[in-house]
Structure formats: C-alpha cells, structure tokens
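Colleague: Sharing a structure below in structure tokens format, with a few things to ask.
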Amino acid sequence: MALLEIVQRNIENYGLISRGAVIVVGVSGGADSLALAHALEHLSKTLDFRLHITTLDHQLRGQAGADDANFVVEIANAWGIPVTAGQMDVAKMALEQRIGIEAAARIARYQFLAGVAREIGTSRIAVAHHADDQAETVLMHLIRGSGIQGLSGMAWNAPVPDHADLTLIRPFLAVTRAQIESYCAENGLNPRQDATNSDTSLLRNHLRLETLPHLQQLNPQIARSLTQLAEVAAAENDYIQQELKKIIAEDIEKTKERVRIRKVIFRGLHPALQRRFIYWAAQQLGSTETGHEHILAAVQLALKGKTGAIALMPNGLRLRVDYETLDIELADAPPPDENRPLMSSNNEFIMNIPGITRIPETNLCIEASLTPLKNARLAISEDSNVTLRTRRAGDRFAPFGMNGHTQKVKEWMIDHKIPKSVRDLTPLLIVDDQIAAIIVENQWIVGESFAVRSDSQRTVYFTLNHDDC
C-alpha cells in the first residue's frame with residue numbers, strides 16, 4: 001500500500017484529524033518530518049484540514065542547526081504553508097535543570113510546539129514517529145525493565161508531555177523508515193542530514209544502528225515483531241486500565257492533592273491491579289516517574305503497613321496508611337479531612353465567652369453563648385480561664401462516662417481512630433488547665449468534670465460555624 005493511503009487510513013481509523021482542524025507539524029528538515037509535512041499537505045485537501053509548520057533550532061550544532069531551520073522555512077514558504085521558527089539554548093537548559101541533553105531537547109521541543117499551538121488556537125500537534133521508531137521505543141523500554149505500559153510503546157494519539165490540554169498525533173506510526181525514504185525519493189524531497197543521528201553514544205541511535213541490525217540476523221522481522229508486541233500490549237493495557245476504573249469507581253476519592261481508596265477494596269484487588277492502581281494514582285497527581293521498585297514497595301506497605309506508615313515515592317509523593325483508607329498524596333498536602341476543625345499545632349488563644357472566637361488560618365469560628373446553641377453545652381464557672389489549644393505531651397482526658405478515670409489524649413485519639421496526620425491539629429477546649437472537651441468534626445466530646453448535671457450550674461453553649469463567622 002502506498003504511503004499516502006496508509007496515512008489516510010490511519011487518520012480516519014484512529015480519528016487523528018477532524019475536518020476544519022488546524023494541525024501544527026513539527027519539522028526538523030530530516031526525512032521523517034519532511035515526508036510527514038509533504039504527505040499531510042497532499043491529504044489536507046481531501047480531508048479538509050490546514051497545516052502550520054514549526055521548526056526549532058536547539059542551538060547544539062551551530063550553523064548547521066540554523067541552516068536546517070532556514071531550510072524548513074524555505075520549504076514551508078514554497079509550499080504556501082504558514083511556518084513558525086524558533087530557537088532554544090538546550091545545553092543551557094540541561095545545565096540549569098541538571099538533566100541530560102536528550103531529555104532537555106525533548107522538553108524544549110514540546111514546549112515550543114505547545115507554545116505555537118496555543119498561539120494559533122489549535123490543540124493538535126503532529127510528529128513523525130514511525131514504525132521503526134516504535135520498535136526502538138519498545139526495545140528501549142524492554143532494556144530498562146518496563147511493564148506492560150512501557151511495552152505499549154507510543155500511542156496514535158496522546159497528551160503532549162507536560163501539556164495535557166494538547167494532543168500529540170502520530171500519523172506515520174504504521175509507516176516504515178524504508179517507506180519514508182522511498183516516498184522522499186519519489187517526490188523529489190531532499191531532506192537534511194543531522195550528524196548527531198550517527199552518534200551511537202546516544203541510546204536510541206545505538207539501538208537503531210547497532211542493536212537492531214544485530215537482532216535482524218536472528219529474526220529479519222524483528223522490527224515488525226516489536227511493533228506487534230506494542231499493539232498487543234497497548235490493547236491489553238487499555239483493558240486492564242478500564243477494568244481498574246470500573247472496579248474502583250465508587251471506592252475512591254480524588255482531589256488535586258490526594259487519591260484515596262478504602263483499604264478493604266485495595267487489598268481485594270488482584271496484584272496486577274494493585275500495582276496498576278498505585279501507578280494510576282501517581283499519574284493523577286502529576287507523576288510519570290513511578291518505577292517498578294517504588295510501586296512494589298508501596299503495594300507491600302499498603303498490604304501490611306500499620307496505621308500511619310508511609311512509603312515515599314518519586315516526585316514528592318507518598319503512600320500513607322490510614323485507619324480505613326490508603327492515601328496516595330503530595331508529601332506536603334494538608335490533612336485530608338476538610339470538615340474537621342483544625343488549628344496550627346502549639347497554638348493557644350483565649351475564648352470569648354460569651355462571643356465568637358475565630359480559629360486562625362481557617363474559615364471556622366466557635367460561638368459561645370449563655371443561651372442554647374446546637375453543638376455542645378458545658379458547665380463552666382464565670383471566673384474560669386477558657387482557652388483553645390492543641391495537644392501537648394502528657395495531656396490526659398477524663399471523658400464523660402468513665403467515672404473520672406483519665407486517659408492519655410494520644411491513646412484516646414488512637415482508640416477513636418483520629419488520623420495521625422490531624423492529631424496535633426485537633427482543638428482542645430481548656431478550662432482552668434483541664435481538658436474540658438475535644439472537638440472532632442462537629443462533635444464535642446465533653447470531659448466528666450464539665451458535664452452539665454443540673455439547672456443550677458452555669459451552662460455555656462457552643463457551636464462550630466463554617467464560612468459564617
């Protein structure tokens with residue numbers, strides 16, 4: 001099948017381009033991207049879309065890089081296609097971000113492509129990844145110890161890395177390098193040659209120039225076998241992902257800082273789905289670097305860890321074991337229970353009785369009245385010193401109904417399943433240096449000595465207000 005037919009079939013079968021769309025095309029001047037731009041230009045009339053060519057000089061090859069960019073601009077002008085050229089100091093970027101040149105160049109390309117797409121008001125970016133690139137990608141992931149997601153290789157369409165609002169499309173993914181070279185020759189295209197493509201110190205070049213040719217001696221169809229593996233893995237990966245979402249749909253809570261699942265649900269999952277959940281949750285929080293070892297460690301802790309146990313994960317994430325749930329969260333995320341009245345630890349302030357006392361750094365306040373209010377009532381004499389603070393070492397509490405017996409506040413909180421993350425932030429009502437009440441959510445757990453037993457006692461009523469202070 002001719003290259004144009006393959007590309008049109010791919011566009012239609014995978015819904016890569018809709019009619020009337022504007023497509024940003026990344027063109028370096030090499031054979032792959034030049035052929036892609038040429039092929040899309042020919043198909044644009046039939047499929048009713050428009051192109052906008054981009055080219056980026058990475059400033060790594062001096063005049064040669066600048067000449068490549070100029071070449072692309074001239075080609076675009078000759079074809080009557082709008083073009084945007086740019087340049088970025090990739091070596092400087094790599095130094096500043098302490099990453100390799102390849103990684104910096106990749107970030108720079110997608111940053112540039114995303115910028116152009118937003119500037120012209122489109123969301124689709126076409127790149128020239130092809131079947132041989134797919135084989136190299138699968139082999140590279142295999143060497144690095146990837147799971148089924150890595151073996152899926154590159155997708156026909158996917159979010160642009162670090163720019164999830166944009167879509168990357170790969171119309172050439174079923175086209176071989178040999179077909180691209182033939183297409184260039186047949187259409188009189190004279191692509192530029194990038195000398196760095198021969199540098200075998202770069203892993204992808206080494207795989208293309210040395211490893212794959214060696215493997216072809218064992219299997220002449222090795223590239224096809226690897227792309228077939230990617231297709232199978234992609235389908236099975238998609239199935240696993242869909243099954244996971246169906247199973248956990250009603251048992252997770254998700255915010256921008258945290259993904260929470262009930263322990264009983266997680267522990268009932270098949271091990272493959274347990275691992276997938278950890279990876280998926282990390283992705284929801286912006287991490288794409290959760291390796292196999294981190295996932296295994298997180299799963300092990302989730303299965304056997306005690307309440308309060310934490311497994312650290314890449315990109316500032318952690319898995320935390322709570323009483324009934326597992327939380328994958330940002331390490332600096334605030335405590336998860338937004339309805340709990342929490343205050344800064346080691347803070348103490350005087351209560352207004354009667355009156356309203358605001359809890360600093362929150363949208364909460366406590367109203368105290370000598371007439372009935374809804375939350376709680378305590379017997380407090382008029383000359384008492386009443387404050388609000390968090391727990392301190394050695395604090396003891398005598399809950400109502402325990403006949404005056406005291407218990408360490410720490411032990412009381414553990415018994416009542418107060419999450420470890422909020423124990424030091426839970427407000428305690430202090431009357432004359434005694435804990436008169438512990439405020440948990442909208443409940444006031446009153447101490448034995450402060451329970452109202454007769455109408456003759458001076459009674460103070462309390463209510464906790466949200467957003468209405």
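Here, each number is a calculation from the coordinates, and none is a lab measurement. Quick caveat, the model's predicted, so the values are computed rather than measured. In this analysis, Cβ positions are derived from the backbone assuming ideal geometry, glycine residues included, and neighbour counts consider all displayed protein chains.
Colleague: Order these by the 10 Å Cβ neighbour count, fewest first: PHE450, PHE277, PHE349.
Modeller: In increasing order of surrounding Cβ atoms, one gets PHE349, PHE450, PHE277.
Colleague: Now, a different point. Can you work out ³J(HN,Hα) from phi for every residue in segment 277-286, in order, using Karplus 6.51 cos²θ - 1.76 cosθ + 1.60 and θ = phi - 60°, giving whole Hz and x for Gly and Pro?
Modeller: These are the phi-based 3J(HN,Hα) values: 4, 4, 5, 4, 4, 4, 4, 4, 9, x Hz.
Colleague: Assign unit charges at the C-beta atoms only (+1 for Lys and Arg, -1 for Asp and Glu), then state the dipole size of the chain relative to its Cα centre in Debye, rounded to the nearest 20.
Modeller: My answer is approximately 1060 debye.
Colleague: Another question, then. Could you tell me the convex hull volume per residue, in Å³, taken over the Cα atoms of segment 3-224?
Modeller: Spread over its residues, the Cα hull of segment 3-224 gives 134 Å³ apiece.
Colleague: Would you mind ranking ASP322, ASP251 so that the residue whose beta carbon has the fewest other beta carbons within 10 Å leads the list?
Modeller: Fewest-to-most Cβ neighbours within 10 Å comes out as ASP251, ASP322.
Colleague: May I pose another question? Defining a contact as two alpha carbons under 8 Å apart and six or more residues distant in sequence, what relative contact order in percent does segment 257-360 show?
Modeller: 27 percent
Colleague: Treat every Asp and Glu Cβ in segment 393-469 as -1 and every Lys and Arg Cβ as +1, leave all other atoms uncharged, and give the resulting dipole magnitude about the Cα centre to the nearest 20 debye.
Modeller: The dipole of segment 393-469 has a size of about 280 debye.
Colleague: Next question. Please report, in debye to the nearest 20, how large the charge dipole of segment 268-396 is about its Cα centre when each Lys and Arg carries +1 at its beta carbon and each Asp and Glu carries -1 there.
Modeller: Roughly 360 debye, rounded to the nearest 20.
Colleague: May I ask which residue of PHE462, ILE53, LEU189 lies farthest towards the positive end of the charge dipole of the chain, with charges of +1 (Lys, Arg) and -1 (Asp, Glu) on Cβ and the Cα centre as origin?
Modeller: Toward the positive end, the furthest listed residue is PHE462.
Colleague: Taking the Cβ of ALA64 as the center, what net charge do the other residues with Cβ under 15 Å away carry, scoring Lys and Arg +1 and Asp and Glu -1?
Modeller: Working: positive: ARG61, ARG192; negative: ASP57, ASP67, ASP68, ASP194, ASP199.
Summing Lys/Arg as +1 and Asp/Glu as -1 gives -3.
Colleague: Now for a different question. Helix 292-304 versus the longest principal axis of the chain: what is the Cα-based angle in degrees, 0 to 90, to the nearest 10?
Modeller: For helix 292-304, the angle is close to 30 degrees.
Colleague: How big is the chain by the Kirkwood estimate over distinct Cα pairs, in Å?
Modeller: Radius from the Kirkwood sum: 27.1 Å.
Colleague: Which of the lysines could a cross-linker bridge to LYS256, judged by Cα under 29 Å and excluding same-chain residues fewer than eight apart?
Modeller: Reachable lysines: LYS245, LYS246, LYS304, LYS306, LYS417, LYS420.
Colleague: Oh, and also: Could you pull out the longest piece of the chain with no exposed loop GluC sites (Glu not before Pro) in it, calling a site exposed if DSSP puts it outside H, G, I, E, B and it has at most 16 other Cβ atoms within 10 Å?
Modeller: Numbers: sites that count: GLU250, GLU257, GLU289, GLU324, GLU338, GLU361, GLU382, GLU441.
Result for the longest clean stretch: 1-249.
Colleague: Separate question: In whole Å, what three semi-axes, largest first, describe the equivalent ellipsoid of segment 319-416 built from its Cα gyration tensor (square root of 5 times each eigenvalue)?
Modeller: Semi-axis lengths for segment 319-416 are 28, 20, 13 Å.
Colleague: Let me ask something else. Expressed in nm to one decimal, what extension gain is obtained for the pair GLU253 and ILE414 from 0.36 nm per residue of sequence separation less their Cα-Cα distance?
Modeller: Full extension from GLU253 to ILE414 adds 55.6 nm.
Colleague: What is the distance in Å between the Cα centres of segment 413-438 and segment 350-403?
Modeller: 12 Å
Colleague: Taking amide H positions as placed 1.01 Å from N in the peptide plane, with prolines and chain starts having none, which residues 5 or more places from ALA333, or on another chain, fall under 5 Å of its amide H?
Modeller: Amide H neighbours of ALA333: none.
Colleague: Using alpha carbons only, how many degrees (0 to 90, rounded to 10) separate the axis of helix 222-248 from the longest principal axis of the chain?
Modeller: Taking the Cα atoms of the chain, the angle to 222-248 is about 20 degrees.
Colleague: Name the residue from LEU373, ILE350, ASN403 whose Cα lies farthest towards the positive end of the charge dipole of segment 317-403, charges +1 on Cβ of Lys and Arg and -1 on Cβ of Asp and Glu.
Modeller: Final value for the positive-end residue is ASN403.
Colleague: Only bridges whose two residues both fall in segment 36-193 count here: according to DSSP, what percent of them are antiparallel, nearest 5?
Modeller: Expressed as a percentage, antiparallel bridges in segment 36-193 total about 35.
Colleague: Considering only DSSP beta bridges whose two residues both sit in the chain, what percent are antiparallel, to the nearest 5?
Modeller: Here the share of antiparallel DSSP bridges comes out near 75 percent.
Colleague: With an 8 Å cut-off on Cα pairs and a minimum separation of 6 or more residues, tell me the relative contact order of segment 348-466 in percent.
Modeller: That works out to 38 percent.
Colleague: Here's another thing I want to ask about it. Amide H neighbours of ARG391 under 5 Å, counting only residues 5+ apart in sequence or on other chains, H built in-plane at 1.01 Å?
Modeller: THR426
Colleague: Please list, by residue number, every one of the trypsin sites (Lys or Arg not before Pro) in segment 34-135 that is coil in DSSP and has at most 13 other beta-carbon atoms within 10 Å.
Modeller: Filter output for segment 34-135: ARG98.
Colleague: I would also like to ask the following. Would you mind checking which residues have amide H under 5 Å from ALA451's amide H? H placed 1.01 Å from N; only 5 or more apart, or other chain.
Modeller: ALA379
Colleague: Tell me, what is the percent relative contact order of the chain, built from C-alpha pairs under 8 Å that lie six or more residues apart?
Modeller: Here the relative contact order equals 10 percent.
Colleague: Moving to a separate point now. From the helices alone, meaning DSSP H stretches of at least four residues, give me the mean residue ellipticity at 222 nm for the chain, per-run term -39500 (n - 2.57), in deg cm²/dmol to the nearest 500.
Modeller: Values: 16 runs with 181 residues, N = 469.
My calculation for the chain gives -12000 deg cm²/dmol from helical runs alone.
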